[in-house]
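Below is one structure, written out as structure tokens; comments come after it.
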Amino acid sequence: MHCPESKFHKNFAPTFIDKEFFNESWGNVKVILKNIPVYKCLDCQKQGIDSFIIDKYDPNKIIKNVLTSMIRNLKRNILKTSRNIDITLNFAPANIQESFYIKEPRYSLNDLIFPEEFRLNITNLINSLKIYFTSGLPVSSKSQSICVNFFGRSGTGKTACVEAIANVLNKKLLVVNYAELESKYVGETPKNILKVFKKAKENNAIILFDEADSFLSTRLTELRQATDYSVNLTRSVLLKQLDEYSGVVFFCTNLLSNYDKAFLRRILFFYEFPIPSNDEKNKIWRSKIPPDMLGAEDIDFNVLRNCSDLTGADIEKIALQVYLLSYSQEEKKSYVSLKLVQNLIDDLNKVKAIVEESKISKPIIIPKEDLGNKLFTNKTKEKNESA
């Protein structure tokens, strides 16, 4: 990719531009192009120059060639008129869609299996939110929004619990996922965040930021490229919106330690989701493996081994595997056995162990004597090749 201004410029960032085109040969036709995806030269920007390119080409030349051909065809097919004709074309890529959506809650509190003490905490939270929706917050409060953070191991029911709370409060959910919200175009992600809060207000919905550590992570101190500025701008816009918004916002994460301190100050309630106890696991097994499944009544789930690390989501996954692996086409039913369940648990634990091991980087240490031999060997090899 080369800048039209200088071949030595190397720093570019994707963005959108609007262009207006007019040519005397086109007569009374003017064309406006919206959201043309281009690359902006950051080296030119430092010099106060706006320079844009599409891949390695100048967009003006490409677009004018396309427009000239289009105008010719257009003039052949329209009646001559003294009126000015403005044509607006939107070049926004078709795959750029809204990265958040309104969702009707699927779960109720009865669907969730938690320790009694934790269930009481959630009930108290719901009562607090009811007070908020009926009476609001004191005028003296700096913020008029309530931010709640659910954190804990993946698969412990954080997102399902938010849905259940929304269900009790008779509210819709606006679900936001960072991977979909983040745009590769500079400046678009902050705009998307503004749209999130606007849409939540229009639908009187509770906002759920899933995988929230991606949104609330610590801001960058060393800004080296355009994307770094964009990341910090996104954090700043989100902070401002949380201060100005009147509504309820939930954050769910399994990486609370990544949060920026500025976000921690704005979160009113924190709840850590526990790993289910043996009794709770037993209840989850019974809820996920129905009693009409062949062999289900004969299984004592308390005798299963290596279950201490299992979450509710793990149990649900294994129950689904049991159903699919043991389904009989003849009887139109599945058969569950203790051995099959135990094997699937062991397989899942092996996968988890591999994932955890891959997170630990093991430095390669070469003893000094070996390092010397290796250097000597390489030098000898280079000398022989040059000869």
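The values are calculated or read from the model by the stated rules, or taken from the named source; none is laboratory data. For clarity, every value in this text was computed on a predicted model and none was experimentally measured. All Cβ positions, even for glycine, are placed from backbone atoms using ideal geometry, and neighbour counts span all protein chains on display.
A few remarks follow.
- Candidates are the residues of the stretch 208-245 that are aliphatic (A, V, I, L, M) and in a helix (DSSP H, G or I); the one that is modelled with the lowest pLDDT is Ala226.
Quick grid of which residues meet (1) modelled with pLDDT under 95; (2) out of contact with any strand residue (DSSP E or B) (no Cβ under 7 Å at 6 or more places or on another chain); (3) crowded, with 18+ Cβ neighbours inside 10 Å:
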site	(1), (2), (3)
Ile126	no, yes, no
Leu137	yes, yes, no
Ser141	yes, yes, no
Val148	no, no, yes
Tyr178	yes, yes, yes
Leu181	yes, no, yes
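- Selection within the stretch 285-304 - within 35 Å of the chain's Cα centre (by Cα) and in contact (Cβ under 8 Å) with a residue 12 or more places away in the chain: Trp285, Arg286, Ser287, Lys288, Ile289
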